[in-house]
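Written below as structure tokens is the structure these notes are about.
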Amino acid sequence: MSDTLLQIDNLGVDYETARGDLKALRDITFDVNRGEIVGIVGESGCGKSTLISSILRLTAPNTRFRQGEIRFKGQDLLPLSERRMRALRGEDISIVFQDPMQTHNPVLTIGQQMLDIQHRSKASKAEKRARAAKMLGAVGIPDPEARLDQFPHEFSGGMRQRIAIAMALMSEPDLLIADEPTTALDATLEVQIIERLQELQQQFDCAILFISHHLGVIAELCDRVVVMYAGAVIESGDVREIFHNPKHPYTRRLIDCDPGHIKTRARVLPTIPGEVPDLANLPEGCIFRDRCDQALPCCAHQVPPLTQLQEGHRAACWLNHEEVSA
Amino acid sequence: MTLLDVKNLHTSYGKVDVLAGVSFEVEPGETYALVGESGSGKTTVIRAIAGLAPAQQGSVKFDGREIRGASERELRPLRKDIAMMFQDPVGSLSPRLTIRSLITEPYRIQGMRQRDLDAEAKRLLEMVNLPAHFADRYPYQLSGGQARRVGVARALALEPKLILADEPTAGLDVSVQGELLNLMNDLRERLGLAMVIITHNLNVVRHVADRMGIMYLGRLVEEGDTETIFADPRHPYTHCLLSANPEPDPDARLERIALKGEPPSLLKRPQGCEFRERCPFAKPICTTVPPWEVENGHGLRCLSPMKAGQAA
Ligand SMILES: Nc1ncnc2c1ncn2[C@@H]1O[C@H](COP(=O)(O)OP(=O)(O)OP(=O)(O)O)[C@@H](O)[C@H]1O
Ligand SMILES: Nc1ncnc2c1ncn2[C@@H]1O[C@H](COP(=O)(O)OP(=O)(O)OP(=O)(O)O)[C@@H](O)[C@H]1O
Ligand code: SF4
Ligand SMILES: [Mg+2]
Ligand SMILES: [Mg+2]
């Protein structure tokens, strides 16, 4: 048996809107292996949150699964009943949402919510409470015992984010999906959380799918990186390859835009000029062509396939095809 | 004249002192960054300035006028001059309003009905680089970063004098983040817009902030010119914070200075210097309370500061 934990194959997802179907995800294909940390990066609005809500089937009502498969431990999730999915979400797969308010019920104390998620455990209430306090302490919440009796709005943004992480870790999942879990954390805590996640991954051989715009965090935490643009995977590979040897112009430009590289104050920060294509009305050819500074004639009418360039490194760009770029 | 003058601001919830005396000033056209530990009180500071959180003591002067404890009626005319960007982007937009209504709401509240709201909505969306057809969407139909940009458009609608921005670029990719910061920089130059910006992204601070204040446990522990602080942090907490910033390079080996121990308790504030128990550089003298001292515009609350150049 291979050690593939999550396998996404040709996934296509639309949002039905008044303007027509929005092709939010197209031909998404990638794997996550056991014990591996995979990062997803890409433009705001490129479909990262849509992808993970599709995996968990926690999608908006106007979502339509058009094609493809999502296999977890070999089993296709799309045909599973809602009941089976709920069991999976509680035990095998945990999620930290982009907006922590989505996780927390505003009218229940944090302690109550942390007890509720342990409903399968046989432990006594006092033991569960102690375990909840211990988890809060582990993500750096001071006075965890006293804090269990507070409501979500009484915590700071970063604390709510850390509580969401603590709750996701409580079930010791096989797969942790985290959608920008560190945006509200200061650098020292961010590093502390990264270390916790790495420990967890080693201790339980847990795989992590980690979405972030913070390229520094991706570089530090992840083994592999998937780069998305306008609803498609345009490059994927080993973290070193992606950062040091990007094979898609979007990836290269994205890395160049990171102000983390620029150590003196810049008057104008670098950007990628132009607009993302309209997902309801996709252009012909390469989706990045309008903004690409290296486009070839064929890019206007032929979609570049996601091809393997070397072991584990794939990119969807005609520049990597000698027969057309020569 | 100083645009925003905050003096000795105190906020408590029950017995817990969340802000224990915060003071800083912002000049017209200046960008001031508040950084510091998660839970140190940054959001509370700007909410208290805007009258959205209690402030039991201290003073907040805007354009020379005391606004602490002002009633909603007294504050209303100021809502045009002070705009707020909230920390959670989707949660702060009411779910039942379209994006068009949301971004033109400030005009309606100010009674500017005569404006062509559709055209205004289009202009504002364009400004934050969102397509015009987004005007008909609802907040749940936006990605996190798109909701963030709607919040920015809303705040900029009335061309305020001061923006209080809580993590305005969290959840944006680096290119959109760059666009947004360039836009804010541009407004600052054209309109003299001043900003208090809270961000954990130290790369952002370095590029947009003129001055910065570093918070720890409800107080400023260091303040000064951004460039000076990055080049020469004097407070050990600042030093640890700046050294932790992850680099966008998988091969980078960072010389991190680790913080010891747990984040401190507000219920039982540490004795002496409140950072002492976690400070890698603490000395015996640190059991006495360090005063706030200012030298050449560089403020510091530490009895055993880092020496100039020690951080490099
Ligand atoms: N329910 C919905 N109906 C219609 N369009 C939607 C809906 N939800 C999301 N979208 C659109 O689908 C696209 C993908 O959104 P998604 O939230 O997956 O992006 P993302 O990559 O997570 O972005 P971000 O980094 O900003 O969070 C966006 O253009 C968004 O506007
Ligand atoms: N309404 C409230 N009731 C009780 N405590 C509160 C309330 N709002 C904030 N606090 C507490 O005040 C402290 C400071 O919170 P604040 O939100 O200002 O922090 P912050 O510096 O913005 O943190 P972050 O970077 O995580 O957003 C925290 O301990 C928080 O739990
Ligand atoms: S396929 Fe062509 S347009 Fe697309 S990224 Fe490559 S060079 Fe640019
Ligand atoms: Mg998202
Ligand atoms: Mg905050």
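The values are calculated or read from the model by the stated rules, or taken from the named source; none is laboratory data. The model shown is predicted, which means the values in this text are computed figures rather than measured ones. When we count neighbours, we look across all protein chains shown, and the Cβ atoms used for this are built from the backbone with ideal geometry, even at glycine.
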Find the helices (runs of 4 or more DSSP H) located wholly in region B:169-275 whose residues include 2 or more that are within 22 Å of A:GLY158 (Cα to Cα) and either at pLDDT below 95 or in contact with a helix residue (DSSP H, G or I) (Cβ under 8 Å, 6 or more places away or on another chain) (or both), and list them. B:174-191, B:202-208, B:236-244
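Could you list, in sequence order, all residues of region A:164-184 that are part of a helix (DSSP H, G or I) and touching a Ser or Thr at 6+ places or on another chain (Cβ under 8 Å)?
Taking region A:164-184 as the starting set, the residues that turn out to be part of a helix (DSSP H, G or I) are A:164-169.
Result: A:ALA164, A:MET167, A:ALA168, A:LEU169.
Taking A:ILE165 as the residue in question, decide whether it is in contact with a Lys or Arg (Cβ under 9 Å, 6 or more places away or on another chain), within 16 Å of ligand 5 (Cβ to nearest atom) and at pLDDT below 95. Before the answer, list the steps.
Details: in contact with a Lys or Arg (Cβ under 9 Å, 6 or more places away or on another chain): yes; within 16 Å of ligand 5 (Cβ to nearest atom): no; at pLDDT below 95: yes.
No; evaluated as a whole, the condition is false for this residue.
Okay, residues lined up against (1) surrounded by fewer than 22 Cβ atoms within 10 Å (Cβ to Cβ); (2) within 16 Å of ligand 4 (Cβ to nearest atom); (3) within 14 Å of chain A (Cβ to nearest Cβ):
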position	(1), (2), (3)
B:ARG79	yes, no, no
B:LEU97	yes, no, no
B:SER101	yes, no, no
B:ARG108	yes, no, no
B:ASP118	yes, no, no
B:ALA121	no, no, no
B:LEU124	no, no, no
B:ARG149	no, yes, yes
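Do we find that A:GLU275 is at pLDDT 90 or above and touching a helix residue (DSSP H, G or I) at 6+ places or on another chain (Cβ under 8 Å) in this structure? Steps first, please.
Values: at pLDDT 90 or above: no; touching a helix residue (DSSP H, G or I) at 6+ places or on another chain (Cβ under 8 Å): yes.
No.
For region B:212-254, what are the residues that are among the charged types (D, E, K, R) and closer than 22 Å to B:LEU303 by Cβ?
Within region B:212-254, the subset among the charged types (D, E, K, R) is B:219, B:222-223, B:225, B:227, B:232, B:234, B:247, B:249, B:251, B:253.
Listed by number, the residues that qualify are B:ARG219, B:GLU222, B:GLU223, B:ASP232, B:ARG234.
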Test: B:GLY171 is at positive phi, facing chain A (nearest Cβ under 7 Å), surrounded by 20 or more Cβ atoms within 10 Å (Cβ to Cβ) and within 16 Å of the chain's Cα centre (by Cα): yes
Just one of (1) part of a loop (DSSP other than H, G, I, E, B); (2) assigned by TED's automatic domain parsing to the domain that holds B:GLU222 trips up B:MET306, so point out which. (2)
Check whether at least one residue in region B:49-63 is away from chain A (no Cβ under 14 Å), under 17 Å from the mean Cα position of the chain (by Cα), assigned to a helix (DSSP H, G or I) and surrounded by 15 or more Cβ atoms within 10 Å (Cβ to Cβ), and report yes or no. yes
So which residues in region A:289-315 are of a type in the set (A, V, I, L, M, F, W, C), part of a loop (DSSP other than H, G, I, E, B) and either more than 7 Å from ligand 3 (Cβ to nearest atom) or farther than 17 Å from A:ALA230 by Cβ (or both), if there are any at all? A:LEU296, A:VAL303, A:LEU306
When region A:265-308 is checked residue by residue, the ones that are away from ligand 1 (no atom under 16 Å from the Cβ), closer than 30 Å to B:THR228 by Cα and in contact with a Cys (Cβ under 7 Å, 6 or more places away or on another chain) are A:PRO270
Please go through region A:279-289 and pick out each residue that is more than 10 Å from chain B (Cβ to nearest Cβ) and either among the polar types (S, T, N, Q) or surrounded by 13 or more Cβ atoms within 10 Å (Cβ to Cβ) (or both). A:LEU279, A:ASN281, A:LEU282, A:PRO283, A:GLY285, A:CYS286, A:ILE287, A:PHE288, A:ARG289
Of the residues A:VAL276, A:VAL217, A:VAL268, which is part of a loop (DSSP other than H, G, I, E, B), at the interface with chain B (Cβ under 8 Å from one of its Cβ atoms) and β-branched (Val, Ile, Thr)? A:VAL268
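For B:PRO89, state whether it is free of Cβ contacts under 8 Å to residues at least 12 places away in the same chain, at the interface with another protein chain (Cβ under 8 Å from one of its Cβ atoms) and either within 16 Å of ligand 1 (Cβ to nearest atom) or aliphatic (A, V, I, L, M) (or both). If you could, list the steps in order and put the result at the bottom.
On the way: free of Cβ contacts under 8 Å to residues at least 12 places away in the same chain: no; at the interface with another protein chain (Cβ under 8 Å from one of its Cβ atoms): yes; either within 16 Å of ligand 1 (Cβ to nearest atom) or aliphatic (A, V, I, L, M) (or both): yes.
Against the criterion (free of Cβ contacts under 8 Å to residues at least 12 places away in the same chain, at the interface with another protein chain (Cβ under 8 Å from one of its Cβ atoms) and either within 16 Å of ligand 1 (Cβ to nearest atom) or aliphatic (A, V, I, L, M) (or both)), B:PRO89 does not qualify.
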Answer yes or no as to whether A:SER54 is at pLDDT 95 or above and under 26 Å from A:LEU254 (Cα atoms). yes
If you scan region B:14-45, which residues turn out to be at the interface with another protein chain (Cβ under 10 Å from one of its Cβ atoms) and among the charged types (D, E, K, R)? B:GLU37, B:LYS42
